[in-house]
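Undergrad: Sharing a structure below in structure tokens format, with a few things to ask.
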């Protein structure tokens, strides 16, 4: 019998309304109790003093790209799991834009089976359409039976409205979401970043906000027409968030997520001008930063600041990272040639800690949006410190200062515009099913 005690931490568990100094007792991989003053004594294998730290349910990232199979020089299940654990994540949902795509029951089963060997709970998301081409529906029911927790053509919008209608009808029967990347390819064509003053400065055609908003409106219309469950991925515009809010108020079954980078970074970062939204201090690289190229793109400061209003009013069901590793060779200095995406698993906690420090959000809400909210929204296990259940636990040092470097990141790829910056907030202990998988306290 193994016993672990987390002693004296600030325990935040949104499901149970807990936010107080308590002890957590873990026995044989399960939570035995969350309460005051667990007695010291023999029989405790690991006794952690977590005074001054935050103890939460294991964090859940509902939107990651693990690049496996096909692009494992960027990331694979094992390296992605290491990054997740270092970032405090115990559970994640991986997108299907792999090679080959996750468009069959066999492909889903492969991720489920190999994911069990990583030390992190990994849930695959299947494609909406075969080969993500947007023209022929994938075997959604078979993939659901194999373990898919949703369906997406992420990286592209599903072209055919008929395919979308069929997928949305199936979503109602299966109670699994159709998770959409909203972007009109014609309006976005040729652009590498948000269309605005900065794109004009850099000579890029830009991707207008309308490219995202028009397809968000289209897919909401199809969801209302079919009664299906639509989940809108990585909303980056205030207009898109309002479209989701309006749809919810009309009674449509629409859920949505927002990413930390869209809450904190702006299109100025693409130009190398590193200033967090709402702050004055600028660190200028003096060059274009291809690591700031992401899809959907970093938008204006007005969007970055405005999206937080929709976090606070409950429009967004949860926050996810859109962890999108790219190898150095895929991020050349020429913006049009650089691949989109940035890593996020190890940077979610410090990014959210920055927003907390700015007074824009608090820890209880952040914890809910990364734990119980995605678990309840997507019908996943976890998300709470529940007695008798598996001990998936994240311990955070909200004041720990660390510098983002290639060496400090566990992901196989290091593509983040935060490289070289010193941030506060870090996961210092991560337990999965009661096993210590990441430990900076011992």
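What follows is calculated from the coordinates using simple rules that are stated; it is not laboratory data. Owing to the predicted nature of the structure, the values given are computational and were not obtained by experimental measurement. Neighbour counts run over all protein chains shown; Cβ positions are idealised from the backbone, glycine included.
Undergrad: Work out how much length residue 387 to residue 109 would gain on full extension: take 0.36 nm times their residue separation and subtract the Cα-Cα distance, in nm to one decimal.
TA: 97.1 nm
Undergrad: Along the Cα→Cβ direction, 7 angstrom out, place labels at residue 401 and residue 379. What is the inter-label distance in nm?
TA: Distance between label points: 4.8 nm.
Undergrad: Another one. What per residue convex hull volume, in Å³, do the alpha-carbon atoms of the range 119-277 yield?
TA: 133
Undergrad: Residue 175 to residue 280: extension gain in nm, 0.36 nm per residue of separation minus the Cα-Cα distance?
TA: 33.3 nm
Undergrad: Would you mind pulling out the separation of the Cα centroids of the range 103-120 and the range 367-422, in Å?
TA: 21
Undergrad: Going 7 Å from the Cα of residue 327 toward and past its Cβ, which residues in the range 51-65 have a backbone nitrogen under 19 Å from where you end up?
TA: Correct set: 65.
Undergrad: Out of 307, 355, 174, any idea which swings most in a Gaussian network model of the chain, alpha carbons joined below 10 Å?
TA: The residue that fluctuates most here is 174.
Undergrad: Over the chain, what is the relative contact order in whole percent, taking alpha-carbon pairs under 8 Å and six or more residues apart?
TA: 19
Undergrad: Just to be sure I understand the model, the point goes 7 Å from the Cα along the line to the Cβ. What's the resulting residue 49 to residue 136 distance in nm?
TA: 6.4
Undergrad: On a 0 to 90 degree scale, rounded to 10, what angle separates helix 77-86 from the longest Cα axis of the chain?
TA: 60
Undergrad: Suppose each label sits 7 Å from its Cα in the direction of the beta carbon; what would the residue 162-residue 287 distance come out to in nanometres?
TA: Here the modelled spin labels are 5.0 nm apart.
Undergrad: May I ask for the angle, rounded to the nearest 10°, between helix 209-226 and the longest principal axis of the chain, with both axes built from Cα atoms and the value confined to 0 to 90°?
TA: So the inclination is approximately 80 degrees.
Undergrad: Where a ≥ b ≥ c are the square roots of the eigenvalues of the C-alpha gyration tensor, would you call the range 109-193 rounded, which needs a/c under 1.5, or, failing that, prolate if a/b is larger than b/c, or oblate?
TA: In terms of gyration-tensor shape, oblate.
Undergrad: Would you mind pulling out the separation of the Cα centroids of the range 140-184 and the range 294-314, in Å?
TA: Cα centres, the range 140-184 to the range 294-314: 25 Å.
Undergrad: Two decimals is fine: what's Rg over Rh for the range 284-339, C-alpha atoms, Kirkwood radius as Rh?
TA: Ratio of gyration radius to Kirkwood radius for the range 284-339: 1.07.
Undergrad: Sticking with this one: Out of all DSSP beta bridges in the range 1-151, what portion is antiparallel? Express it as a percent rounded to 5.
TA: 50
Undergrad: Taking the alpha-carbon centroid of each part, what is the distance from the range 1-41 to the range 196-256 in angstrom?
TA: Answer, in whole Å: 41.
Undergrad: Still on this model: R0 = 51 Å: FRET efficiency of residue 2 with residue 309, Cβ-based, nearest 0.05?
TA: Approximately 0.65, to the nearest 0.05.
Undergrad: How high is the relative contact order of the range 59-106? Use alpha-carbon pairs under 8 Å, at least six apart in sequence, and give a whole percent.
TA: Answer for the range 59-106 is 51 percent.
Undergrad: Another question, if that's okay. Please figure out what share of the DSSP beta bridges in the chain is antiparallel and state it in percent, rounded to the nearest 5.
TA: Counting DSSP beta bridges with both partners in the chain, the antiparallel share is about 55 percent.
Undergrad: For the chain, take the longest principal axis of its alpha carbons; what is the angle in degrees between that and the long axis of helix 301-312, to the nearest 10 within 0 to 90?
TA: 50
Undergrad: Using r as the Cβ-Cβ distance of residue 189 and residue 357, and R0 as 25 Å, what FRET efficiency do you calculate, to the nearest 0.05?
TA: 0.05
Undergrad: Now for a different question. Once R0 is set to 35 Å, what does the formula 1/(1 + (r/R0)^6) return for the Cβ-Cβ distance between residue 116 and residue 15, expressed as a FRET efficiency to the nearest 0.05?
TA: 0.85
Undergrad: A further question on this structure: Based on Cα positions only, what radius of gyration and what Dmax would you give for the chain, in angstroms?
TA: So, for the chain, Rg and Dmax equal 20.9, 68 Å respectively.
Undergrad: If you take the square roots of the eigenvalues of the alpha-carbon gyration tensor of the range 393-432 and sort them as a ≥ b ≥ c, do you get rounded (a/c under 1.5), prolate (a/b over b/c) or oblate?
TA: Since a/c reaches 1.5 but b/c is at least a/b, the shape of the range 393-432 is classed as oblate.
Undergrad: Over the range 151-232, what is the mean sequence separation of C-alpha contacts under 8 Å (at least six apart), divided by residue count, expressed as relative contact order in percent?
TA: Once normalised by length, the contact order is 37 percent.
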